[in-house]
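> Sharing a structure below in structure tokens format, with a few things to ask.
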Amino acid sequence: MAKYNCDAVMALFGVPIKGTTNTANAKSALLNITVGLEKMGSGLSVCVGITTDIVVAGNLDSSKRMNYSVIGDIVNLSARLESITRLYNASNIVNEASRNDAPNFAYPELDIV
């Protein structure tokens with residue numbers, strides 16, 4: 001069983017324009033990255049928290065330095081889910097809304113968090 005030790009990176013799907021397959025695209029991207037890392041034999045792993053909901057998106061910072069990002073409770077939840085992947089030794093954890101939005105994937109139930 002792999003031991004997960006990850007750095008934080010955020011990817012956005014459906015921002016600023018929501019599509020109908022954003023969650024499925026995020027899950028597919030994760031699976032493709034996982035398979036690619038396994039094929040490379042790099043010993044690297046991914047830890048991902050996937051959440052689906054409405055966020056505030058836009059350019060943050062000042063007029064001299066623009067940083068397109070998102071903020072909101074759901075962004076914080078995603079970070080929290082990512083951080084507990086190590087506790088469950090899982091490459092990814094999704095919230096219930098994400099599971100419902102992309103039902104064509106297998107979702108083993110871990111716990112109530």
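No value in this document is a laboratory result; all are computed from the given coordinates. Everything quoted here is computed from the prediction, not taken from an experiment. We place every Cβ from the backbone using ideal geometry, glycine too, and count neighbours over all the protein chains shown.
> Can you name the condition, by its number, that R99 falls short on among (1) more than 11 Å from the chain's Cα centre (by Cα); (2) surrounded by 14 or more Cβ atoms within 10 Å (Cβ to Cβ); (3) in a loop (DSSP other than H, G, I, E, B)?
Checking R99 against (1) more than 11 Å from the chain's Cα centre (by Cα); (2) surrounded by 14 or more Cβ atoms within 10 Å (Cβ to Cβ); (3) in a loop (DSSP other than H, G, I, E, B), the one that fails is (3).
Listed here are the residues, each with its yes/no results for (1) among the basic types (K, R); (2) loosely packed, with under 13 Cβ neighbours inside 10 Å.
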site: L12; (1), (2): no, no
site: N25; (1), (2): no, no
site: A29; (1), (2): no, no
site: G41; (1), (2): no, yes
site: V48; (1), (2): no, no
site: L60; (1), (2): no, no
site: K64; (1), (2): yes, yes
site: Y68; (1), (2): no, yes
site: L81; (1), (2): no, no
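> Turning to a different aspect of this structure: Can you give me the number of residues within segment 27-69 that are touching a residue at least 40 places away in the same chain (Cβ under 8 Å), charged (D, E, K, R) and part of a strand (DSSP E or B)?
Of the residues in segment 27-69, 0 are touching a residue at least 40 places away in the same chain (Cβ under 8 Å), charged (D, E, K, R) and part of a strand (DSSP E or B).
> Do any residues in segment 82-94 that are within 15 Å of F105 (Cα to Cα) have Cβ atoms under 7 Å from those of residues that are of a type in the set (S, T, Y) and surrounded by fewer than 21 Cβ atoms within 10 Å (Cβ to Cβ), where the two are at least six apart or on different chains, and which pairs are they?
So the pair list comes out as S91/Y4; S91/T34; S91/S45; S91/T85; N92/T85; I93/T85; V94/Y107.
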